[in-house]
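Structure first, commentary second.
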Amino acid sequence: MKSRPFPLALPVVAALLLAGCGGMNVWPFGEKAVERSRTPANAIEYRCAGGKGFYLRMADGAAWVILPERQFRLDPVAGSAGRYGNGRATLTVGTDTTLADPPAINYSECKAVAAAG
């Protein structure tokens with residue numbers, strides 16, 4: 001029985017022809033991709049010393065710290081205005097905002113970033 005080379009070459013030829021169509025846009029729902037905001041809803045971005053940063057959302061009297069890999073809630077510390085904690089992590093909000101969650105997180109000199117409008 002003799003094998004035919006044409007059926008085996010067909011997928012290779014098709015792949016080469018389709019690779020040449022890379023500049024063609026066949027997506028029917030518009031041409032430009034819209035960049036989504038990376039800021040979580042109702043959150044304020046803080047930038048800290050050393051190029052570090054986080055997002056902060058205040059809700060129901062608690063502070064929600066939003067990091068790229070996780071988020072967690074911090075409740076108000078009694079008798080300390082602007083201080084929040086959960087027994088391990090602490091956040092102090094003020095002119096020099098700090099966030100600590102030992103051993104990995106020790107952010108200092110954090111400033112709120114003005115929202116682009």
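The values are calculated or read from the model by the stated rules, or taken from the named source; none is laboratory data. Everything quoted here is computed from the prediction, not taken from an experiment. Note that each Cβ is placed from the backbone with ideal geometry, even for glycine, and that neighbours are counted across all protein chains shown.
If you go through the range 81-89 one residue at a time, do you hit one that is under 15 Å from Ala112 (Cβ atoms), among the hydrophobic types (A, V, I, L, M, F, W, C) and at pLDDT 95 or above? No, because not a single residue in the range 81-89 is under 15 Å from Ala112 (Cβ atoms), among the hydrophobic types (A, V, I, L, M, F, W, C) and at pLDDT 95 or above. Output the residues belonging to the range 70-117 that are more than 22 Å from Ala49 (Cβ to Cβ) and among the β-branched types (Val, Ile, Thr). Across the range 70-117, the qualifying residue is only Val77.
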